[in-house]
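Participant: Okay, here's the structure, questions in a sec.
Only the coordinates and a few stated rules stand behind these numbers; no lab work does. On a predicted model such as this, the values are computed, not experimentally measured, just so you know. We place every Cβ from the backbone using ideal geometry, glycine too, and count neighbours over all the protein chains shown.
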Amino acid sequence: SLSRRLVLGLALSCPLIAGPALAADPVKLRISTPAVEADWHAKMLPVFKEELEKRAPGQFDVEIHLNATLFKQGTEPAAMQRGNLEMAMISAFDIAKQIPEWSIFTAGYLIRDPEHQQKVFASDIGEEMYKLVEDKMGIKVLSVGYLGTRQLNLRIEKEVKTPADLAGVKLRMPGSDTWLFLGKALGANPLPLAFGEIYTALQTGAIDGQDNPLPTVRAAKFYEVTKQIVLTDHLVDSIFLSLAGATWNKLDDKQKEAVLEAAKAAVAFNNEGRIGEERQLAADFAQQGLKVYRPDVEAFRTHVQKAYLESEFSKTWPKGMVERINAVK
Ligand code: KDO
């Protein structure tokens, strides 16, 4: 009857009749990444989730999406900016698409090692550069993680000592201008391809090789379909654990602190595991029958640095920034 429906309607809409008010819904944080489960930057995400739960029980609902199943590699920043995604691990290359100054962090042979990387981003350089990301992209960088030092990993057997030996070698790079430029600066013939397609492309011979840090070569099993690793050390790579600005702005101060601390803990876990493993992996791969060797690294360094300094990219770098980065000890 009408009166029963009225009573029921009232009971559902009025908290006084329906019972105690419900606590606010947890803030949903969906994280999208192309990372594979066995890689350190994937393994650090459950750490983030646990650390956040410890610090702010019941206040967040963290959902982890690996293997680029939620968003394609490289589309995460736009998804965050449009309000379709809350969290991602973005690269300097992703940021450089919208903020040309950031291409400085895509340059080979600039950041020297993981410690230098941490110090650079913890300094006023990091502060200035992160502010650009907040102001121009509306994305809050929570913490920087070490993705590893990128090496060449080839399916062909040709020995590579200098950039000239890479002439005509089809080297897979992620698909953006700054990535392709890195491949070119190394002397190779770069081909754009998403991370998830590398294994098959190596297997079929669609590409001659790829570049990634050794822990990723292990985690994604690229060693199964390649013959050699050339230890060029060409890029000390980073990954920026980031939050959509709209999500960040909705948090209260305590929640912000909890998110920052959980991100720091996750990154510390990643860095420790990755640095430790990186030391061991060259020997492990050699034992598995891959050819692992150091090329003429000085020849690569000179070639790559010259390419960047003569490029359009370096014209956008903040004045004096190369010197400031070099001066961080
Ligand atoms: C890759 O596609 O080679 C790369 O290493 C680029 C990184 O910026 C990052 O996207 C990474 O892949 C993925 O997280 C998969 O490890």
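Participant: Report ³J(HN,Hα) in whole Hz for each residue of the stretch 290-301, in order, from the Karplus equation J = 6.51 cos²θ - 1.76 cosθ + 1.60 where θ = phi - 60°; Gly and Pro get x.
Facilitator: These are the phi-based 3J(HN,Hα) values: 7, 7, 10, 7, 8, x, 7, 4, 4, 5, 5, 4 Hz.
Participant: For residue 143, enumerate residues with amide H under 5 Å from its amide H, sequence gap 5+ or separate chain, H modeled in the peptide plane.
Facilitator: Counting only residues 5 or more places away or on other chains, the set is 241.
Participant: Looking at the stretch 207-284, which chymotrypsin sites (Phe, Trp or Tyr not before Pro) are in a loop (DSSP not H, G, I, E or B) and have at most 16 other Cβ atoms within 10 Å?
Facilitator: none
Participant: Between residue 314 and residue 299, how many nm apart are label points set 7 Å from Cα along the C-beta direction?
Facilitator: My value for the distance between the label points is 2.1 nm.
Participant: In a solvent-free Debye calculation with one equal scatterer on each Cα, what is log10 I(q)/I(0) for the stretch 79-167 at q = 0.16, 0.19 Å⁻¹, listed in the order of the q values?
Facilitator: At q = 0.16, 0.19 Å⁻¹ the computed log10 ratios are -0.76, -0.95.
Participant: May I ask you to compute the full-extension gain from residue 135 to residue 164, defined as 0.36 nm times their residue separation minus their alpha-carbon distance, rounded to one decimal in nm?
Facilitator: The residue 135-residue 164 span can extend by a further 6.3 nm.
Participant: With each label point set 7 Å from Cα along the Cα-Cβ vector, what nm distance links residue 286 and residue 203?
Facilitator: Distance between label points: 3.0 nm.
Participant: While we're looking at this one, here's another question. With θ taken as phi - 60° and the coefficients 6.51, -1.76 and 1.60, list the Karplus ³J(HN,Hα) couplings across the stretch 136-144 in order, rounded to whole Hz; mark glycine and proline as x.
Facilitator: Here the 3J(HN,Hα) series is 8, 10, x, 10, 9, 7, 8, 6, 9 Hz.
Participant: Highest first, please rank the peptides 178-184, 209-215, 286-292, 50-56 by the mean number of other Cβ atoms sitting within 10 Å of their residues.
Facilitator: Those peptides, ordered most packed to least, come out 209-215, 178-184, 50-56, 286-292.
Participant: Would you mind putting 170-176, 145-151 in packing order, based on average other-beta-carbon counts within 10 Å, highest first? Provide the component values of the computation, followed by the final result.
Facilitator: Details: 170-176: 21.4, 145-151: 25.3.
Taking the mean over residues of other Cβ atoms within 10 Å, the ranking is 145-151, 170-176.
Participant: Another question, if that's okay. Between the stretch 299-329 and the stretch 33-77, how far is it from one alpha carbon centroid to the other, in angstrom?
Facilitator: Their Cα centres are 33 Å away from one another.
Participant: Hey, another quick one. In what sequence, highest mean first, do 127-135, 87-95, 59-67 appear when ranked by Cβ atoms within 10 angstrom? Don't skip to the answer; put the middle values down first.
Facilitator: Values: 127-135: 14.9, 87-95: 25.6, 59-67: 17.2.
Top to bottom by mean Cβ count within 10 Å: 87-95, 59-67, 127-135.
Participant: While we're here: How far apart, in nanometres, would the label points at residue 189 and residue 253 be if each is projected 7 angstrom from Cα along the Cα-to-Cβ direction?
Facilitator: 6.0 nm
Participant: Here is a further query. Can you give me the C-alpha center-to-center distance between the stretch 90-115 and the stretch 166-235, rounded to a whole angstrom?
Facilitator: 18 Å
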